[in-house]
Amino acid sequence: MRIISGTAKGRKLAGFKGDSIRPTSDRVREAVFSSLMSQLGHFQGVKVLDLFAGTGAMAIEALSRGAESALLVDHSRESGSLIANNLSATGLTDKARFQSGKVASVLPRINNKEPFNLIFLDPPYAEAEVEAIVASVIHCGLLHSDGIICVETSSKLHLPDLIGSLVCSSRRQYGSTAVSFYHYADSGEDVQ
């Protein structure tokens, strides 16, 4: 795993031992960030929330590309250690913080002055509560009015076009991985 672009371009990230954890592949991450660039235009000033952060690769990629700050959430101790090492290796430690705990219980406790512009949600593929977590993000007021939630799931899981007040603007499949992009619906917008 490596950082694809930005200030930390080419830096290798530490990963988990074994195959019990499924980090986002470089190929999928590159495609996701290409899509995000076309939607956002740039990452300057973007505040990132990375849920089920794993190695921290998604948030670190965004920080490398100019995002202002990132909060990374995961319940695994190993994840916390890996994220700290990866942030240090990329020189981005001062722009990020890690919060340990189960995502569903951490969301209501996030004390952020401003909502996040970009939220990554990459639960274990066995996680069946994707819609509930997205609904909790909305309920807790964590997504900026023009923000994007990027949800990575198994391609076998079909997410609805609407989750609460969010609409799926696009869905892409990369082998066994699917990535769906959600944002607040504009009045009169067509749903795919």
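The values are calculated or read from the model by the stated rules, or taken from the named source; none is laboratory data. Note that the structure is predicted; figures quoted are calculated from it, not measured. When we count neighbours, we look across all protein chains shown, and the Cβ atoms used for this are built from the backbone with ideal geometry, even at glycine.
Structure values in brief
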| item | result |
| --- | --- |
| Ala128 being over 27 Å from Ser5 (Cβ atoms), in a loop (DSSP other than H, G, I, E, B) and modelled with pLDDT under 95 | yes |
| Only listed residue being buried (at least 16 other Cβ atoms within 10 Å of the Cβ), within 30 Å of Ser5 (Cα to Cα), in contact (Cβ under 8 Å) with a residue 60 or more places away in the chain and not hydroxyl-bearing (Ser, Thr, Tyr), chosen from Leu118, Leu71, Leu159, Leu143 | Leu118 |
| Subset of region 147-156 [assigned to a loop (DSSP other than H, G, I, E, B) and either surrounded by 21 or more Cβ atoms within 10 Å (Cβ to Cβ) or touching a Ser or Thr at 6+ places or on another chain (Cβ under 6 Å) (or both)] | Ser155 |
| Test: residue in region 53-62 that is hydroxyl-bearing (Ser, Thr, Tyr), surrounded by 22 or more Cβ atoms within 10 Å (Cβ to Cβ) and closer than 21 Å to Ala178 by Cα | yes |
| Which numbered condition Glu78 misses (of (1) within 20 Å of Val103 (Cβ to Cβ); (2) in contact (Cβ under 8 Å) with a residue 40 or more places away in the chain; (3) more than 10 Å from the chain's Cα centre (by Cα); (4) buried (at least 21 other Cβ atoms within 10 Å of the Cβ)) | (4) |
| Residues within region 94-111 that are surrounded by fewer than 15 Cβ atoms within 10 Å (Cβ to Cβ) and either basic (Lys, Arg) or part of a helix (DSSP H, G or I) (or both), tallied | 7 |
| Considering residues of region 31-74 that are over 24 Å from Ile133 (Cα atoms), part of a helix (DSSP H, G or I) and not hydrophobic (A, V, I, L, M, F, W, C) only, the residue farthest from the chain's Cα centre (by Cα) | Ser38 |
